[in-house]
1. With the condition kept exactly as written, say whether any residue in the stretch 149-161 is in contact (Cβ under 8 Å) with a residue 40 or more places away in the chain and in a strand (DSSP E or B).
2. Which residue pairs have Cβ atoms closer than 8 Å, lie 6 or more positions apart in sequence or on different chains, and pair a first residue in the stretch 31-49 that is under 30 Å from Gln149 (Cα atoms) and among the charged types (D, E, K, R) with a second residue that is assigned to a strand (DSSP E or B) and at pLDDT 75 or above?
3. So which residues in the stretch 72-93 are touching a His at 6+ places or on another chain (Cβ under 7 Å) and assigned to a loop (DSSP other than H, G, I, E, B)?
4. Just for the stretch 49-85: of the residues that are touching a helix residue (DSSP H, G or I) at 6+ places or on another chain (Cβ under 9 Å) and hydrophobic (A, V, I, L, M, F, W, C), which one is surrounded by the fewest Cβ atoms within 10 Å (Cβ to Cβ)?
5. Out of Lys129, Lys96, I need the residue that is surrounded by fewer than 11 Cβ atoms within 10 Å (Cβ to Cβ) and not in a loop (DSSP other than H, G, I, E, B). Which one?
6. So which of Pro209, Pro171, Pro204 ends up being over 29 Å from Thr47 (Cα atoms) and either at pLDDT 95 or above or outside any strand (DSSP E or B) (or both)?
7. Give the number of residues within the stretch 99-110 that are part of a loop (DSSP other than H, G, I, E, B) and either in the same structural domain as Pro184 (by TED's automatic domain parsing) or out of contact with any helix residue (DSSP H, G or I) (no Cβ under 6 Å at 6 or more places or on another chain) (or both).
8. Collect the residues in the stretch 174-201 that are farther than 14 Å from Ile130 by Cβ, in a strand (DSSP E or B) and among the hydroxyl-bearing types (Ser, Thr, Tyr), keeping them in residue-number order.
Amino acid sequence: MSPAATASLLLRWRAILLGLWLTLAGANTVALSQNQVMGQLIFEGATNVERDSGVWIDGNYVGYLKELKGSKKITLLPGEHEVIVRQSGYQDYVQKVVVEPGATRLISVTMHLAPTSTVPNVTATLKLKIKPGRAAVFLDEKYVGHASQFGGKFRSMKISPGKHKVRVELPGYRTFDTLIDLLPDQTTELKTELAVGSIEQNSPLIKKPNQQQQPQ
């Protein structure tokens, strides 16, 4: 290869490397800018009751408490937000939080037993084998936990015999609905894998209704 061709090749490589460097620098600048604009919420709970509780932010289900970190960390635009933490048999934990730009806010959650919480004398057993396991499960329109809490060898849900409506929802997936009719001491297992869908298909149980869509 002639000296002129070698010099031309080196110039081209330098141009390519410079382009890559500028692209990476631009991406880092955007990420840094986003970090400076967005705030972050970190959740902690003392017991498994809190850590397995479902979390809603501004009326939208985001997952269960102990998973909200790493790739599932909660970043929000600055301003006031409403955090609600729910667990079957416990009072809702409700807190208004103000998120500051680039700041991290720690939310320490403590759940308290609901005064009206009771366990039926006669029960039936419901087991769930549902994917994704982080999906929210509702029994008769009331949140009872995330799906992985009720699957596996030693995990299930004790409920009163009779007819019940089971609904499983997760943002970005189609809702699973079914009716069950259980006898005393009967054990039933529900199996399904949620189909990918759109958050627009989710119900108000996990998605805050669009305020612009007022009833006629």
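1. no
2. Filtered contacts from the stretch 31-49: Glu44/Leu106; Glu44/Ile107; Glu44/Ser108; Glu44/Val109.
3. Listed by number, the list holds a single entry, Gln91.
4. It comes out as Leu77.
5. Lys96
6. Exactly one residue qualifies, and that residue is Pro209.
7. 3
8. Across the stretch 174-201, the qualifying residue is only Thr187.
The values are calculated or read from the model by the stated rules, or taken from the named source; none is laboratory data. Keep in mind it's a predicted model, so treat the numbers as computed, not measured. Heads up, the Cβs are rebuilt from the backbone with ideal geometry, glycines too, and the neighbour counts pull from every protein chain shown.
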